[in-house]
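Structure record follows, encoded as structure tokens.
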Amino acid sequence: MRLGMDALRRADPELTALLDAEVRQQETTLAMVASASIADPSVLAAGGAALSNVTAEGYPGARYHPGAEQFDHVERLAVERAKELFGARYANVQPHSCSSANLAVLAALVPPGGTLLGLDLDSGGHLTHGSPASVTGRHYRAVHYGLDHVGRIDYAQVAQLAQEHRPKVLIAGASAYPRTLDFARFRAIADSVGAYLIADISHIAGLVATGEHPSPIDLAHITTTSTYKQLGGPRGGLILSGQEHRTLGPDGRTPLSRLIQRAVFPQSQGTPSPATIAAKARAFTLAAAPEFKQTTRLIVDNAKALASELSELGFRILTGGTDNHMVLVDIKNRGMTGVVAERALEECGILANRNRIPGDDKPPLVTSGLRLGTNILAQRGMGPEQMRECARLLHAALAITTALGDTEYRMEPGAAAEVREAVRTLCARYPLPFDGRDSNHDVPMGAGL
Ligand code: DSN
């Protein structure tokens, strides 16, 4: 049921114009931000449903407010679809993000001041894996593993640090790591010291769901993910568990699934977001469809093609390639910083974010690296041949960029306009899965759908 879109258009043209401009921007830019995917219009519609008006703390059948009958059905549906999609036996669909999910899981498994072991942020880890900038690095004693000399996870170091520090939790997962994660190896290390293994699959959830990356569901004690980075879902998080869901928690009495239920509500979140949970339910069904499997196959093939072409063009690709959707580029040998490359590319309609790389001597807002991802390009139907075009466009944009310091640069405006136009042309050949029009009303669909 469409609610409010026409009213919004009539009542608030200023806001509507901004939302419509966003649709046009998405249509005409090459989005290569590795932590993004496009939500199907039906997912956006579910996320904007009147179900959002329901306030109901607790879980289906055990709410603290009345009026949750439909919401109970929706949440149960989302849980069942999540379990089916990932082959899990337990799912909690309430986390507002994967950061919230990680905070809840850590609160359930690690006492205040207890030790966790995760990938270092500069080696591709995530803030919530114990970074000093996150509460996880302040409320727990965080120890970090890193990469070996070729840029792959140093499993020998993981094992050695685990023996030395005896963490309560070992986290396997990354925000900027282009290679396959060996969850079995992580689990063996966790077992060697009696730690729980958490797999954070936020970046690779689509690949895991479709078998393009090995699944941690039955290897990790708990798996967490965001629902928007690669699943084409709404902004939110998800907690899963497989055969370990009945394993006892640190108190030796309470099964993990029960601990996690409590850790999300009431320990770390209040009311859930009912319409977002409806949108998750819709996204899980779409991710289980054969078309999504084809898209994830393309995501992986495209990343390999992109890495290969960029390498041909003289870019240094970290680890020499990729196994997943992500390509990490060392940009300093092009005579510029990550932020200069990011801004110059954006002027040409190419979106890719600055990223710190191992041994980086630049601060997080500057960086020496660039992180690229192929999720949205594959969703547009682009294949390896178009990745070569994308690589050449990226190369062309940076070739006309002269760095004037860490954050300042100069671009020849005429040449930049030419690259921008070529980007528009490529985007027009591969429209987004939505075409920018609401089929019922023939209006841009930024607002209200
Ligand atoms: N974790 C951030 C990223 O990887 O881009 C945003 O979700």
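The values are calculated or read from the model by the stated rules, or taken from the named source; none is laboratory data. These numbers were taken from a predicted model, which means no experiment stands behind them. Methodologically, a virtual Cβ is constructed for each residue, glycine included, from the backbone with ideal geometry; neighbour enumeration extends over all protein chains shown. Keep in mind that these areas ignore ligands, DNA and RNA; they rest on the heavy atoms of the full protein, side chains included. Shrake-Rupley method; radii C 1.70, N 1.55, O 1.52, S 1.80 Å.
Report whether or not SER99 is open to solvent by 10 Å² or more (accessible area, probe 1.4 Å), of a type in the set (Ser, Thr, Tyr), touching a helix residue (DSSP H, G or I) at 6+ places or on another chain (Cβ under 7 Å) and within 16 Å of the ligand (Cβ to nearest atom). Can you show your working first?
Numbers: open to solvent by 10 Å² or more (accessible area, probe 1.4 Å): yes; of a type in the set (Ser, Thr, Tyr): yes; touching a helix residue (DSSP H, G or I) at 6+ places or on another chain (Cβ under 7 Å): yes; within 16 Å of the ligand (Cβ to nearest atom): yes.
So SER99 passes the test.
For the condition assigned to a loop (DSSP other than H, G, I, E, B) and either away from the ligand (no atom under 16 Å from the Cβ) or free of Cβ contacts under 8 Å to residues at least 40 places away in the same chain (or both), what is the one hit in ALA45, ALA21, ALA7, ALA56?
On inspection, the qualifying residue turns out to be ALA56.
Of all the criteria given as (1) hydroxyl-bearing (Ser, Thr, Tyr); (2) part of a strand (DSSP E or B); (3) open to solvent by 40 Å² or more (accessible area, probe 1.4 Å), the one not satisfied by THR285 is (2).
Any residue at all in the range 164-173 that is under 30 Å from THR55 (Cα atoms), more than 16 Å from the ligand (Cβ to nearest atom) and out of contact with any Lys or Arg (no Cβ under 6 Å at 6 or more places or on another chain)?
No; the residues of the range 164-173 include none that is under 30 Å from THR55 (Cα atoms), more than 16 Å from the ligand (Cβ to nearest atom) and out of contact with any Lys or Arg (no Cβ under 6 Å at 6 or more places or on another chain).
Would you check if there is a residue in the range 194-217 being within 16 Å of the ligand (Cβ to nearest atom) and either surrounded by fewer than 21 Cβ atoms within 10 Å (Cβ to Cβ) or over 21 Å from LYS280 (Cβ atoms) (or both)? For the range 194-217, residues within 16 Å of the ligand (Cβ to nearest atom) and either surrounded by fewer than 21 Cβ atoms within 10 Å (Cβ to Cβ) or over 21 Å from LYS280 (Cβ atoms) (or both): absent.
The conditions of being among the small types (Gly, Ala, Ser), touching an Asp or Glu at 6+ places or on another chain (Cβ under 8 Å), within 16 Å of the ligand (Cβ to nearest atom) and not in a strand (DSSP E or B) are not met by GLY270.
The requirement of being touching a residue at least 40 places away in the same chain (Cβ under 8 Å), of a type in the set (Asp, Glu) and surrounded by 17 or more Cβ atoms within 10 Å (Cβ to Cβ) is satisfied by ASP40.
Residues of the range 218-249 being more than 16 Å from the ligand (Cβ to nearest atom), surrounded by fewer than 24 Cβ atoms within 10 Å (Cβ to Cβ) and in contact (Cβ under 8 Å) with a residue 24 or more places away in the chain, which ones?
ASP218, LEU219, GLY242, GLN243, GLU244, HIS245, THR247, GLY249
When GLY118, GLY137, GLY130, GLY125 are checked against the criterion of being within 16 Å of the ligand (Cβ to nearest atom), without any contact (Cβ under 8 Å) to a residue 60 or more places away in the chain, open to solvent by less than 60 Å² (accessible area, probe 1.4 Å) and within 20 Å of THR227 (Cα to Cα), a single residue qualifies: GLY125. Of all residues in the range 64-86, at least one satisfies being of a type in the set (Asp, Glu), away from the ligand (no atom under 16 Å from the Cβ) and surrounded by 24 or more Cβ atoms within 10 Å (Cβ to Cβ). Taking the criterion of being assigned to a strand (DSSP E or B), in contact (Cβ under 8 Å) with a residue 40 or more places away in the chain and surrounded by fewer than 24 Cβ atoms within 10 Å (Cβ to Cβ), the residues of the range 336-368 that qualify are LEU351, ASN353.
Here's the yes/no breakdown for (1) hydroxyl-bearing (Ser, Thr, Tyr); (2) out of contact with any Lys or Arg (no Cβ under 9 Å at 6 or more places or on another chain); (3) over 19 Å from LEU286 (Cβ atoms):
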| residue | (1), (2), (3) |
| --- | --- |
| MET5 | no, yes, yes |
| ALA11 | no, yes, yes |
| ALA17 | no, yes, yes |
| ARG24 | no, yes, yes |
| THR29 | yes, no, yes |
| GLY47 | no, no, no |
| SER52 | yes, yes, yes |
| GLN70 | no, yes, yes |
